[in-house]
Amino acid sequence: NIGGSISIRFNATKEWTADAINTRASDWCNVSPTSGPAGDQEIIITVSENPEVEERCATIELICDTDVKYIYLTQKQKSALIVSQSSFELPVTGGIFDVEVMTNMDFSYAINEDCSSWITPALTKGLAGGEFVAFQVAPNESSKKRAGQIRFWNESCGEVVTVYQEGDKASIIP
């Protein structure tokens, strides 16, 4: 829900224009500049903080001659929680993977009991704008693929991350 800016670079073959085409987005989404000449270009899209309890969307239309491109923006609601990926696939040998959690509130996580013997917390590190939670996946000694889930939540919403791991493909020696 925090505001911010993003830079988008492109090469235009002719003069171009850019604008938010949703009328409601003009209150919270700004594009600058809105036009320019041919050549290497850059636009900055700036959004204000979202104080609402619902996410909001904007579409930026970039036009150059007859070519039209759309940039779709979704800004999460107040007290949102977003994970970087909703699923991870690990090899039979296991390993460590990071889940980036972006939220403006404190959050918790729990590894489902049915997979807590092979998925364990490894490390947590916070960085500006997000926090990374690392998990260790043990080697899979079974021949079957397995799956487990990790739940992340804050006081108003949550996300589930699913972990898949390949099974040990046993060799058959004649």
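Laid out as a table, the results:
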read-out: Some residue of the range 92-106 being aromatic (Phe, Trp, Tyr) and surrounded by 16 or more Cβ atoms within 10 Å (Cβ to Cβ); value: yes
read-out: Flag if Glu89 is acidic (Asp, Glu) and modelled with pLDDT of 95 or more; value: yes
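Listed here are the residues, each with its yes/no results for (1) at pLDDT 95 or above; (2) in a strand (DSSP E or B); (3) open to solvent by less than 50 Å² (accessible area, probe 1.4 Å).
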| site | (1), (2), (3) |
| --- | --- |
| Leu123 | no, yes, no |
| Gly126 | no, yes, no |
| Phe135 | yes, yes, yes |
| Lys144 | no, no, no |
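The values are calculated or read from the model by the stated rules, or taken from the named source; none is laboratory data. Quick caveat, the model's predicted, so the values are computed rather than measured. Note: ideal-geometry Cβ built from the backbone for every residue, glycine included; neighbour counts use all protein chains shown. Side chains included, ligands, DNA and RNA excluded: accessible areas come from the protein's heavy atoms. Shrake-Rupley method; radii C 1.70, N 1.55, O 1.52, S 1.80 Å.
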